[in-house]
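The values are calculated or read from the model by the stated rules, or taken from the named source; none is laboratory data. This structure is a prediction, so every number in the text was calculated from the model and none was measured. Neighbour counts run over all protein chains shown; Cβ positions are idealised from the backbone, glycine included. The protein model used for the area step is the full one, side chains on, heavy atoms only, and it has no ligands, DNA or RNA in it. Shrake-Rupley method; radii C 1.70, N 1.55, O 1.52, S 1.80 Å.
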Amino acid sequence: MSFRHSMTWLHTWSGLVLGWLLYFMFVTGSTGYFDEEILRWMQPEIPLQESSISASEFIETAERRLDQVATNATETYIELPLGRSPFFSIWWHEAATPETGARGLWHNEKLNPNTGEPVITRETEGGEFLYRLHYALHYIPGWLAYALTSLAAMFTLVAIISGVIIHRRIFKDFFSFRRHKQRSWLDLHNLFGVLPLPFHLMITYSGLMLLMFSTMLPVPASSYGVGEGLRAIYDEVFTEHDSRSATGISANSMSTVSLYNDALKRSDGGLINYVAIKHPGDKNAVIEMGVLANEGIEQHKPIHYDGVSGELYDPEEDASKHSSAKSFYDTMEILHEGLFARPLLRWLYFLSGLMGAGMMATGSLLWAVNRRKKHTMSGGGVRGLALVDRLNLGTIVGLPIAIAAYFWANRLLPVDLASRAHWEMNSLFIVWGIALLHPFLRWKKTSLKSLWCEQLMFATMVYAFIPVLNAATSEHHLGKALLQGDWVMAGFDLFMLVLAMCFAIAFNKLRRRIPNPSVENSAAGVKV
Amino acid sequence: MMISSFSLCLLGLCLLSLATKRNRKNALPNFKKLTTLQTRILKCVGFSCLITSALVLAEAKGLSLGLVYLGAWVTLAALTQALLLSYQPRGVPSLLVASLAAVIISVALRI
């Protein structure tokens, strides 16, 4: 076997074995780039800000509410509805009390941006659930999920590198998509793989790296041992060091609004979208202003103040300096999560992620197309091929249908249902299970082409009616959102319509083009 | 300088696509055959545009964010090229002229 042949074998099998899991990871991971926007849509109780309110007013309102609810807080956090964040919310941390056995907990309240009153929202995990799915999966223990997703990331990295090696004409075919030729699936697979190649390499390598402390445990364990030794090194590397601990001596804090105004001047016109106070009311209080970074790949360039004197304070001064390995790890983490990305770059991250999903989908379809051709010529059995065909359909179209079901469940499940968020998540998997079963149940009654058409038509319908569902179950219908300039709500509905249109186009195209294996195989005398 | 850098990517990829025989035949069916030297010049200018775009982005956004934007711009420009070559190949020369004009205007306006 020549080197190129062995690489082709490696590329095929490393891509196919966990191909469906990788498709799932690319799709859910891509939705994670819009987790806050998805959460905003899934909590329609939050009213739109009706008039222009200054950040100082927001801070004063939030502080009034924190004075009522967070009397024993060790840390408070005010999220302002500026920049990307659509929420006006407060967070506070209450320390653990060993006497009662209560654990330290973060509490969160979303506030009405117009009145400052707390808003009671429906229980949902929003976009965070979809984002978490891409590495933590669901229903299985964390260690197993990390091992599976890490293995899948490793397989993708191998498939990408071997794919570059076997792609003889990577530059000549860089733009090629010969849509009416037999090579069209291969061209499409190459396009989805090659155009965002830097993204694919970055996302798989960094994904692998982010999970290395779970999956490559023997490496740190060999140096630091297991148990306490390993825990200590993890804490040292990953825990944010609090160089100023509370003294227990009360002191009057500086006005947060005046520090906010000072930070605004120092930030050169940059937006400040959070205010954090550590040890409020203590002599060692620290106030942090979250200035959105205008350059570099960090999301924020925070400015810290001594909470009592109001002087600038550098928390890094006493903290241990990061090693170059930790800096590299942090850089890859930032690149992977893309939190720094402004709207345009965020959309391009999302597009590249979807192209990754497209690469996995076309790879699996290409395998099935090639295998079918081979079997048609040789007249051999196609049991494995039939299984792949069914799983391809149930995954490639079934997963988007399941995600739509998650959005439908958000609006159709009773607001006061117990464990509501869990039932939303369950809805996704129940519908995906049905979508996976559908081709198995109807295989003998209808052709593969018809099965694809059925699911594509269903996907078109479920996405096309999401804006209608939104209009029927909330006050933020598309027309109103557009008129009010509420681009988060309007953008979500519009994107659902775009997805519906894509499925409708695919439905139309595939109705005419997908070869019917029953016909092909019966012509070749093969039983499916 | 974001528009300048994207226009440079688009221009560079237009030139690189026209440097390959099959794409050139589809985009410019009546164009005379290019010599090897002319093809190499097209490739050189195309790659120079991409390198210039990288430098513009590094200057405007810093090296780290500039490289991220470069990856994103190249992906978007290449996708535009691929769609045009697949569905409307004769539109490539128009895109070439438009991207050249966009480069000149955006560099002059420093946008």
Checking A:Arg179 against (1) within 10 Å of chain B (Cβ to nearest Cβ); (2) modelled with pLDDT of 80 or more; (3) under 30 Å from B:Asn26 (Cβ atoms); (4) open to solvent by 20 Å² or more (accessible area, probe 1.4 Å), only one condition comes out false. Which one? (2)
Which residue, of A:Arg103, A:Arg84, is basic (Lys, Arg), surrounded by 11 or more Cβ atoms within 10 Å (Cβ to Cβ) and farther than 14 Å from A:Ile277 by Cβ? A:Arg84
Suppose we filter the stretch A:236-253 for residues that are acidic (Asp, Glu) and surrounded by 13 or more Cβ atoms within 10 Å (Cβ to Cβ); how many remain? 1
On the basis of being within 14 Å of chain B (Cβ to nearest Cβ) and not basic (Lys, Arg), does A:Tyr234 make the cut? no
Look at the stretch A:4-15 and say how many of its residues are in contact with a helix residue (DSSP H, G or I) (Cβ under 8 Å, 6 or more places away or on another chain) and either closer than 10 Å to A:Ile166 by Cβ or open to solvent by 20 Å² or more (accessible area, probe 1.4 Å) (or both). 6
Subset of the stretch A:329-386 [aliphatic (A, V, I, L, M), surrounded by fewer than 16 Cβ atoms within 10 Å (Cβ to Cβ) and farther than 18 Å from B:Leu79 by Cα]: A:Leu339, A:Met377
List the number of the failed condition for A:Gln299; all other conditions in (1) open to solvent by 20 Å² or more (accessible area, probe 1.4 Å); (2) more than 14 Å from chain B (Cβ to nearest Cβ) hold. (2)
Checking A:Ser150 against (1) within 14 Å of chain B (Cβ to nearest Cβ); (2) over 24 Å from B:Pro89 (Cα atoms): exactly one of these is not met. Which one? (1)
Just for the stretch A:126-173: of the residues that are among the hydroxyl-bearing types (Ser, Thr, Tyr) and over 17 Å from the mean Cα position of the chain (by Cα), which one is surrounded by the fewest Cβ atoms within 10 Å (Cβ to Cβ)? A:Tyr139
When the residues of the stretch A:444-461 are narrowed to those that are within 30 Å of the chain's Cα centre (by Cα) and open to solvent by less than 30 Å² (accessible area, probe 1.4 Å), which ends up farthest from A:Tyr139 (Cα to Cα)? A:Cys453
Name, by its number, the condition in (1) closer than 20 Å to A:Gly338 by Cα; (2) within 14 Å of chain B (Cβ to nearest Cβ); (3) open to solvent by 20 Å² or more (accessible area, probe 1.4 Å) that does not hold for A:Leu195. (3)
Does A:Ile170 count as farther than 16 Å from A:Leu18 by Cα and assigned by TED's automatic domain parsing to the domain that holds A:Val17? yes
Do any strands (runs of 3 or more DSSP E) entirely within the stretch A:1-113 hold 3 or more residues that are over 22 Å from A:Leu354 (Cα atoms) and touching a residue at least 40 places away in the same chain (Cβ under 8 Å), and if so, which? A:73-79, A:105-111
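Quick one: which of A:Leu441, A:Leu437, A:Leu482 is open to solvent by 50 Å² or more (accessible area, probe 1.4 Å) and at pLDDT 95 or above?
Step by step, each of A:Leu441, A:Leu437, A:Leu482 is checked, and only A:Leu437 is open to solvent by 50 Å² or more (accessible area, probe 1.4 Å) and at pLDDT 95 or above.
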Return the residues of the stretch A:1-53 that are more than 30 Å from A:His189 (Cβ to Cβ) and among the hydroxyl-bearing types (Ser, Thr, Tyr); say none if nothing qualifies. A:Ser51, A:Ser52
Is it the case, given these coordinates, that A:Ile233 is at pLDDT below 90, β-branched (Val, Ile, Thr) and either surrounded by 20 or more Cβ atoms within 10 Å (Cβ to Cβ) or within 24 Å of A:Ser323 (Cα to Cα) (or both)? yes
Taking the stretch A:469-503 and keeping only residues that are part of a helix (DSSP H, G or I) and more than 25 Å from the chain's Cα centre (by Cα), one is left with A:Ala471, A:Ala472, A:Thr473, A:Gly479, A:Lys480, A:Leu482, A:Leu483, A:Gln484
Name the residues in the stretch A:340-366 that are in a helix (DSSP H, G or I), over 16 Å from A:Tyr131 (Cα atoms) and either hydrophobic (A, V, I, L, M, F, W, C) or within 9 Å of chain B (Cβ to nearest Cβ) (or both), would you? A:Leu344, A:Leu345, A:Leu348, A:Met355, A:Met359, A:Met360, A:Ala361, A:Leu365, A:Leu366
Answer yes or no: is there a residue in the stretch A:208-225 that is within 14 Å of chain B (Cβ to nearest Cβ) and open to solvent by 70 Å² or more (accessible area, probe 1.4 Å). no
